[in-house]
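Each remark here refers to the structure printed beneath this line.
Where a number appears in this text, it was derived from the coordinates with a stated rule and is not lab data. The shown structure was predicted, so the numbers you read here are calculated from the model rather than taken from an experiment. Here the Cβ positions follow ideal geometry from the backbone for every residue, glycine too, while neighbour counts run over all protein chains shown.
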Amino acid sequence: MKKKVLSVLLALTMTAGLLVGCGSSTETKTDTAKEETTEETTEAPAKEETTEKKADEKTDDTASADGIAGKTFAIVVKSAGNPYNQKEAEGFQQIIEANGGTCIIKEPEAATADAQVSVIQSLISQGVDSISIAANDENALQSALQEAMDAGIKVSCLDSKVNKDSRSTFVNQAGTQEIGQALMDAVYDITGGSGQWAVLSATSQATNQNAWIDAMKSIMTEDKYKDLELVEVAYGDDEPQKSTDQTQALLSKYPELKVICAPTTVGISAAAKVLQDQKSTVKLTGLGLPSEMAEYIGDDDAHSCPYMFLWNPIELGNLGAYTAMALVQGDITGAVGDTFEAGDMANSPYTLTDAGDGGSEIILGAPFKFDPSNIAEWKDVY
Amino acid sequence: MSEYILELKGITKIFPGVKALNNVHFQLKPGEVHALMGENGAGKSTFIKVITGVHAAEEGQMFLEGKEVHFKGPRDASAAGIAAVYQHPTSYPELSVTENIFMGHEQMKNGMIQWKAMNQEAEKLLARLNADFKVTEEMGALSVAQQQMVEIAKALSTNAKIIILDEPTASLTQNESENLYRIVEALRDEGVSIIFISHRFEDMYRLASRVTVFRDSQYIGTYNVDEISNADLIKAMVGREISDMFPKPDVKIGKEMFRIEGLSRTGFFKNVSLNVHAGEIVGMTGLVGAGRTETIESVCGITKADSGKVFLDGKELHVKQPLDAIKEGIILLPEDRQRQGLIMSWGLGRNVTLPIQSETAKNGFNNEKKEREIAKQYLEEVDTKAVTIFDPATSLSGGNQQKVVVAKALAQKNMKLIIMDEPTKGVDVGAKAEIYAIMGELAKQGYGIIMISSEMPEILGMCDRIYVMCGGKITGCLDRGEASQEGILQLAMEKGGYDKKEEAAK
Amino acid sequence: MEKKSVWKKITGSREASLVIVLIVLCIIVEILNPTFLSPTNIGQIFRNNALTMIMALGMLCILLTGGIDISITSILAFSGMSVGMLLKYDILHNTFLLFLIAAAIGLVAGGLNGLIISKGKVTPIICTMGFMYIWRGLAYVMSNSAWASGEDVAGFSDFGKDGSIGPYVLLVLVYMIFFVMMKWSKFGRKIYAVGSNAEAARISGINVDRILTSAYAIMGLLAGICGALSVAIYASAQPNMQYGKEMDVIAACVIGGVSMSGGRGTVVGTFFGALIMAIIAKALPLVGIDSIAQNTVKGVIILAVVLLNVITQRVMDKQNLERREM
Amino acid sequence: MAGKSGRTIQAVPQNSAKKMIFSWEGALVVLFIALNIFNMIISPSYNITNILREMPKYLAEIFMLFGMAYILVLGDIDISVGSIVCLSATLACVASNAGLPMVLVIAVCLLVGTACGFINGIILTRFTELPAMIVTLATQIIFRGIAEILLGSGGSVSLKDTSGFNALAMKIGPVPLVFFLVVIAAVIFTVILAKTTFGRKLYAIGSNSTAAYYAGVKVQKVRLIVFTVTGLLAGLCALFLTSALFGANTTTGQGFEMDVIAMAVFGGIATTGGKGNLVGGIISAFIIVLLRIALGQINLNPQLILVIIGALLIIAVLIPGINNAIQAKRKMKSA
């Protein structure tokens, strides 16, 4: 009896709450149109039609309007509490706000695709105009992002892509092939052209790292690198403790090892510390944040890493912002061959190129080399 | 200097919702054994806890050797030379005997516990009590009687002037009790004052010189043991007269209904055979650890026997789990009511209908209305002192809890054999008589009854036949006529049992 | 007769059976990879797992009282992040003071757990689950998405540098203190008493609430110290540090024979349990188990050791019963 | 019968409105209403369409609440459910990509979950000495570990053909299919727990498993069933999660176990067993989900959201204790 009454009460409050919710929603500006159409139509196809129509209207509006004033741009990073992501988001925010737009920086609760889905859903609710995302999984966000696109939101990704059906375009920090080539040449250079080397990656599932490692492997088949032997790809799961264990295991398993290449920011700093503490002759290269790695970069034996690479996450964020603005303003649609201006960025204007997966991409530039000569200058930037 | 070593005046203790003690008095002379009696719930245990500083009384004064004292905690009492051995052994099963003895007053040197010295001291204490176990043994591995001895050793280790024994004999067999009596007498002769709480009259007669009775949280009176009759004492405790303690009805014994043949379980009991007839009350007695409870638990499917057969009404049973036994009509009233018999946080009604809920249910849905009716019927039938069937089991006294367990058994319609394991353990005298009456009634209705008990009077008073066990074997079977306390004791301490006799015969 | 009692001692003691598991594990790994038992490797085993090993002692106290604490790595992250931030923004560089601050943060966090559990009568797993979210979240908020990098913590990390004896000294010191405390101090024995029978402990004058609070406070203290130690060893403070590792700590204790229902467990057992976990972590990459299979192997080993404990216990019980046979 | 004193015992249950309102569930209902009002004030996007759109992912989690509630009532715990979701989702994707028809894919997903739950149950019932916490901790690592092996170096698998899973994600009007399924499951599980003999047995075991065993309850069989069903529910969760993610990866379902335990505990189900009911659990699940949605909509730092949930959890479990203390004091005065 008690429970029956309770459930009735519950049902009542739910409906009441929701009704009031609908009422109040009509006051919100961006949602109004969509809201009413979904309320009136019950069939799914009809809904798609209306939302598409709405999307068209929006594009028309923005094309004629001046700039992006009043528009909201969201950036979804991979995870919270990571300076690389933070710099990327800051770069994004800087450009959007300079141009009069509103910027939302969204961090998922955890570094998982699940958590990013909730974030995207929340952004759709808020009726943002653009979502730029650094994906934790290439495919898992597809349905959420398609829903966003159906709702008229421009979706682009940066840093770590989603598949071609889930995005308009991808802002790539550097070409996969270029990164592979740069790292491979670094290994060749540091080993002196022959000997054993190993890779310390993030998780075995990390999309970017896997792509780069694959690129390195394919480059290694060239005749130039025939004396190099890749002994193992170890995974430190982007945890300092596990990365340390793995680095130490590499050292004791392969006494002949000459170079470790760590294309991940957590892995490279953990490995750098191990090598430097042990005064090991093994050298390190890879991709790392200058601020994290300043301690370990140097040409002498006291430092474990002669040089490493990265791109500028702030510039990546900047370019992501320009791309999102161009999409919202209708300057580009995401088709290969589109070009757009990106303020005073070095390589502006940028052109969309074929990403190799059927979609388009925009490449920021070549990876940047950090060595003892410039590390001091960059370590305070990012 | 006062005549009394300990004196309490006008003690009142209030718990949320109840007055556990209402203006009670108590006087203890140096070097006497003073019995404290009363039904469960009369406030004895609370009173003890007030003396030992576990509870602080709301009103009243306490004098130790004439000086008023205020204990803020058990430490103060212990420092003043008061030690208590509680009803439920307050031991630490995972810790060693030494540690149990010295917990709270370890011997220290430079901030370090002196294990070696403590072990030696503990050995001395145990030797004084004629104990036969090592001080390094884990408490949990000891028998109840041995644990009791550790508790006494613990009291002695504080050089207590006053030792309180709260129902020390409740879990002991006759000769274990005898040993305890000797220890208590020795302590008394050394000048220690002892407060002794017990439900057993024999304890009181054997040891105490004076007795104080509490009833319903109130002080009734203090009497010299020599001067008060048994009936008067019971009347003081219960508040009414109990005419017949053991109302054993004259029942015509029917045909054999239940038989065990050669039941064995490694390490617990071996080659146990017994039988029960319709309308017969069969007793099983022996020392604690003789294998009585373990045998019965195997019969009821709680544990598995290694070999042997069980027959009910001529049909061999294959009991794998308790439910199988219950379905066959073998109902067990387990020894430990609070752990095995009842779900203490539940209402009485739910407890009664737990085993039969599937039978009253429709398509798996509980028929709550019918369950309430059944619960009410049987709880009233055994005359449970409760207000509603929704009262939690925790709110009842031990005796009434036992009645709920009985009601739970009675509610099972297919009951044929009822096995009661220590049915009156921790039950006060009034409720005891009522439980005996129910047993008699059940026998009259033709049920077979097995009663496991360590209490000699009820075994002798209620049983038609008595099986005695020792060391996991049945050492003898006595008829009502031929049974005597001495005869039973002799069998209970005899090792070897039937086998030995058979071998001798060969 | 003498022989039998020695044998009985070996089979009867859980620590002894742990040593056997440990030796077997070491032999297998050593055969598969002969570099395993090199001094460097052994040193690294202790250094890399110092955090788990130290926190296992606190967890021992808590499991002894019959509780559990799953907030420890969040407390660790919070205190570690505090240390990292103090260093990053050049507020404080004194190694000793930083450890002291980390310890104080841990003590307060643990004490809070203890107070809510003992005075508020809240089940430990729920209370510490709440704080697991809270401290971790606050670590993120405090970090403001920045890490303390190797350069930021440069001087401080010398304490935990490979080659520095700092972590070893700390490890040995903490184990010695606990070994003495749990066996020879009144406080240590009171923890056992409370876990074994809280009601009895209350009656014998032990302030149960205070012991409970202290146990959680000690756990917090160790977690706090480990926060600073983690920053020193890995020369980096990140808000997600040691995420999920509380389960490793609990597993280490259980493998070491600490009962989750309270009252049973020793410092020596905990040490061996933590060591087994450490060796698993160290050995898996060394023996060439494919890295994607390493978690499975780790889980199977934990389960196997725990089941082995139960089976051994059952066999021992059965033998005891047969001995009792008349 | 003998000794009868003619005393009667009340057997009519008292149904007082006051008791109901002051129950934990009553408080939760009030909180639920208050929360909705609060949410509407803080977030302009908080309306039915958005809630229904954001909810399916959380609804999939709520499936596991039912199993977890049962397990907590038993006095056990299962921290492997998140990993079971991961393994089931992985195998479902693998099966779907292998070209199996949707019906079989669903069967695979549910069977894998059930099998995992059964493994937990078998270990726990065969080795009753072991606490559920440590066993499910080990299987938590193992189940996700197996998924990691299956997923291989990519670490994620995506559906080649999403049509089948699209059907699962379909909406009836604005309401997603999964919402109806959750409601149906909620009714079934609530009724079973509250009204049937099986539910009563769960409470009996959770309150005192020894006494329940003596009273003829097949304790280990019931535990085995409950753990297995929880596995099945985790499989169901995996199915709907996959229909939202179109794939699976090694982090799928991570942390779900803590989410559902928090929901159950906030709903008044004690981890010590024998207490609480699903009405409370379900209301609290919606409270937590709606709070998350609203706070997400105002772009609060997600870590702060976790801090708030953590604090709410602790306050929720502290209230009964404080309440008891106050009541005891009041009784003390009246006595």
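Structure summary
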quantity: Förster radius 25 Å - calculated FRET efficiency between residue D:10 and residue D:327, Cβ distance, rounded to 0.05; calculated: 0.65
quantity: Normalised convex hull volume, region C:107-195, alpha-carbon set, Å³ per residue; calculated: 140 Å³
quantity: Within the protein assembly as shown, helix-based [θ] at 222 nm, where runs of 4 or more DSSP H residues each add -39,500 (n - 2.57), nearest 500; calculated: -17500 deg cm²/dmol
quantity: Relative contact order computed over region A:176-310 (Cα-Cα under 8 Å; 6+ residues apart), in percent; calculated: 24 percent
quantity: Under 5 Å, built H, 5+ apart or other chain: amide partners of residue A:158; calculated: A:133, A:134, A:135, A:171
quantity: Between region D:145-205 and region B:73-144, the alpha-carbon center distance in angstrom; calculated: 56 Å
quantity: For q = 0.15, 0.25, 0.26 Å⁻¹, Debye-computed log10 I/I(0) when each Cα of region D:66-137 counts as one equal scatterer; calculated: -0.55, -1.06, -1.11
quantity: Convex hull projection area averaged over all views, region A:126-216, Cα basis, nm²; calculated: 6.7 nm²
quantity: Euclidean distance between Cα centres, region A:339-382 to region C:55-120, Å; calculated: 42 Å
quantity: Given B:248/B:304; B:376/D:195; B:413/D:275; B:320/B:425, the pairs whose alpha carbons are separated by over 23 Å; calculated: B:248/B:304; B:413/D:275; B:320/B:425
quantity: Region A:176-310 shape via C-alpha gyration tensor axes, a/c threshold 1.5; calculated: rounded
quantity: Mean Cβ count within 10 Å, highest first, over the residues of peptides D:59-71, A:213-225, C:126-138; calculated: D:59-71, C:126-138, A:213-225
quantity: Paired Rg and Dmax values of chain B, which use every Cα atom, in angstrom; calculated: 24.0, 75
quantity: Along principal axes, Cα extents of region B:227-313, largest first, whole Å; calculated: 54, 32, 19
quantity: Between region D:67-123 and region B:1-65, the Cα center-to-center distance that results, in Å; calculated: 61 Å
quantity: FRET efficiency, residue D:194 to residue C:32 (Cβ-Cβ, R0 51 Å, nearest 0.05); calculated: 0.35
quantity: Sequence ranges D:281-294, D:115-128, C:30-43, ranked by mean other-Cβ count within 10 angstrom, highest first; calculated: D:281-294, D:115-128, C:30-43
quantity: Sequence-distant aspartates and glutamates (8 or more away, or on other chains) whose Cα lies within less than 18 Å of residue B:109; calculated: B:99, B:121
quantity: Translational diffusion coefficient (Stokes-Einstein; Kirkwood radius from C-alpha pairs) of region B:190-257 at 4 °C, 1.567 mPa s, in µm²/s; calculated: 89 µm²/s
quantity: Distance in nm between pseudo-label sites at residue A:279 and residue B:61 (7 Å out along the Cβ direction from Cα); calculated: 8.2 nm
quantity: Region C:50-247 - Debye-derived log10 I(q)/I(0), Cα point model, q = 0.08 Å⁻¹; calculated: -0.26
quantity: Square roots of five times the Cα gyration tensor eigenvalues for region A:252-382, Å; calculated: 37, 16, 10
quantity: Residues with amide H under 5 Å from that of residue B:286, placed H, sequence gap 5 or more; calculated: B:469
quantity: Debye equation applied to the C-alpha atoms of region B:340-413, log10 I(q)/I(0) at 0.12, 0.15, 0.21, 0.26 Å⁻¹; calculated: -0.27, -0.41, -0.80, -1.20
quantity: Neighbourhood charge, 14 Å Cβ-Cβ cut-off, centred on residue B:283 and excluding it, Lys, Arg +1 and Asp, Glu -1; calculated: -4
quantity: Chain lengthening between residue B:3 and residue B:369 when straightened (0.36 nm per residue, less Cα-Cα); calculated: 125.6 nm
quantity: When each of A:226/A:273; C:119/D:218; B:29/B:116; B:252/B:473 is checked by Cα-Cα distance, pairs over 32 Å; calculated: C:119/D:218; B:29/B:116
quantity: Chain D: C-alpha gyration tensor shape, a/c 1.5 cut-off, then a/b vs b/c; calculated: oblate
quantity: Region B:6-238: Cα Rg divided by the 2.2 N^0.38 Å rule of thumb; calculated: 1.01
quantity: Paramagnetic reach from residue D:149 (point 7 Å along Cα→Cβ, amide N under 16 Å) across region C:254-287; calculated: C:284-285
quantity: Aspartates and glutamates whose Cα lies under 14 Å from that of residue A:379, excluding same-chain neighbours fewer than 8 positions away; calculated: A:292, A:295, A:371, C:151, C:152
quantity: Approximate spin-label separation residue A:302-residue B:69, in nm, with each point projected 7 Å along Cα-to-Cβ; calculated: 7.3 nm
quantity: Percentage of interatomic Cα-Cα distances in region B:3-84 larger than 23 Å; calculated: 14 percent
quantity: Tail beyond 71 Å, pair distance distribution of the protein assembly as shown (Cα, percent); calculated: 15 percent
quantity: Dimensions (Å) - region C:208-326, Cα atoms, principal axes, largest first; calculated: 65, 48, 19
quantity: Estimated FRET transfer efficiency (residue B:112, residue B:76; beta-carbon r; R0 30 Å; 0.05); calculated: 0.75
